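First up is the structure itself, then whatever we jot down about it.
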């Protein structure tokens, strides 16, 4: 899978499915499930590393996990999902050179074929243009941007007319800068539905209604493994409870066997 394939899917009306992975096991699961794109998202800071936000994760950690995800795929390379890796906080906000070095290392030293970054500020647009010129495919991210949690929180974005117009303009700027797709998170569905028909690149939603070119979800949320369930991502199964209960049952059976005498431990009855 290549970035250009996603644009072709939009043109054909095929829904694009993006799932996250953070290690070889989760990568194997989402690949076999049929995801078009596997996002090594900085959400792994919370899902896999136990942080409260995405901010602490580093480029080296993202690379480490991207490498593990690539090792989890079992299909032929041509049949594998596209791996997109998030650029973490402060890897692209501090200038174009640093951003190119960070993104380049992710593509050079892992199976990732594209990066994702948040926002559409003037500085960010400049970074995106530079990355694209250097041959690094970029996926944008608008709406609720988790790296800005201390400024905007986790609430729904673009609630008023002014912020809605800004979001539209930001999307057009990302397309113009060369992004091959844009993730739009926790925004009203009507706004996203209108916007996706104006863009030639895919608009991939998360908590942004059903009328998108695709959907992205944190796999751990869908499997019911995370501590807090996002309101726009219901768990398909109660994965945490299933795992805990299954392991408890196994542990109890092992301990029961320890406490119960085996046939070999019962002394034979002496002959009379």
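Some points to look at:
- Residue in region 158-191 that is surrounded by the most Cβ atoms within 10 Å (Cβ to Cβ), counting only those that are in contact (Cβ under 8 Å) with a residue 40 or more places away in the chain and in a loop (DSSP other than H, G, I, E, B): 179
- Residue within region 43-57 that is at negative phi, at pLDDT 95 or above and touching a strand residue (DSSP E or B) at 6+ places or on another chain (Cβ under 7 Å) present: yes
Residues checked against (1) within 14 Å of the chain's Cα centre (by Cα); (2) in contact (Cβ under 8 Å) with a residue 24 or more places away in the chain; (3) surrounded by fewer than 20 Cβ atoms within 10 Å (Cβ to Cβ); (4) assigned to a loop (DSSP other than H, G, I, E, B):
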residue	(1), (2), (3), (4)
193	no, no, yes, no
198	no, yes, yes, yes
205	yes, no, no, no
208	no, yes, no, yes
220	yes, yes, no, no
224	no, no, yes, yes
229	no, no, yes, yes
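- Residues in region 107-145 that are touching a strand residue (DSSP E or B) at 6+ places or on another chain (Cβ under 8 Å) and over 11 Å from residue 179 (Cβ atoms): 107, 110, 111, 112, 113, 118, 119, 136, 143, 144, 145.
- Flag if residue 255 is more than 30 Å from residue 126 (Cα to Cα), in a helix (DSSP H, G or I) and at pLDDT below 95: yes
Rundown of residues vs (1) buried (at least 22 other Cβ atoms within 10 Å of the Cβ); (2) more than 16 Å from the chain's Cα centre (by Cα); (3) not in a loop (DSSP other than H, G, I, E, B), yes/no style:
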{"site": "4", "(1), (2), (3)": "no, yes, yes"}
{"site": "9", "(1), (2), (3)": "no, yes, yes"}
{"site": "14", "(1), (2), (3)": "no, yes, no"}
{"site": "17", "(1), (2), (3)": "no, no, yes"}
{"site": "27", "(1), (2), (3)": "yes, no, yes"}
{"site": "30", "(1), (2), (3)": "yes, no, yes"}
{"site": "35", "(1), (2), (3)": "yes, no, no"}
{"site": "45", "(1), (2), (3)": "yes, no, yes"}
{"site": "57", "(1), (2), (3)": "yes, no, no"}
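- Qualifying residue in region 146-153 (condition: touching a helix residue (DSSP H, G or I) at 6+ places or on another chain (Cβ under 6 Å), within 24 Å of residue 231 (Cα to Cα) and either touching a residue at least 12 places away in the same chain (Cβ under 8 Å) or in a helix (DSSP H, G or I) (or both)): no
- Among (1) closer than 16 Å to residue 85 by Cβ; (2) in a loop (DSSP other than H, G, I, E, B); (3) in contact (Cβ under 8 Å) with a residue 60 or more places away in the chain, the one test that residue 49 misses: (3)
Rundown of residues vs (1) assigned to a helix (DSSP H, G or I); (2) free of Cβ contacts under 8 Å to residues at least 40 places away in the same chain; (3) buried (at least 16 other Cβ atoms within 10 Å of the Cβ); (4) under 13 Å from the mean Cα position of the chain (by Cα), yes/no style:
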| site | (1), (2), (3), (4) |
| --- | --- |
| 65 | yes, no, yes, yes |
| 68 | yes, no, yes, no |
| 84 | no, no, yes, yes |
| 90 | no, yes, no, no |
| 94 | no, yes, no, no |
| 100 | yes, yes, yes, no |
| 105 | yes, no, yes, no |
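- Residue check, residue 112 within 20 Å of the chain's Cα centre (by Cα), at pLDDT 95 or above and either over 26 Å from residue 188 (Cα atoms) or part of a loop (DSSP other than H, G, I, E, B) (or both): yes
- Every residue from region 124-145 that is surrounded by fewer than 24 Cβ atoms within 10 Å (Cβ to Cβ), without any contact (Cβ under 8 Å) to a residue 60 or more places away in the chain and over 25 Å from residue 191 (Cβ atoms): 126, 129, 130, 132, 133, 134, 135, 136
- Taken together, 107, 122, 90 contain a single residue that is modelled with pLDDT of 95 or more and under 30 Å from residue 33 (Cα atoms), which is 107.
The values are calculated or read from the model by the stated rules, or taken from the named source; none is laboratory data. In this text, all values refer to a predicted model and were calculated from it rather than measured experimentally. Cβ sites come from the backbone with ideal geometry, for glycine too, and all protein chains shown count toward neighbours.
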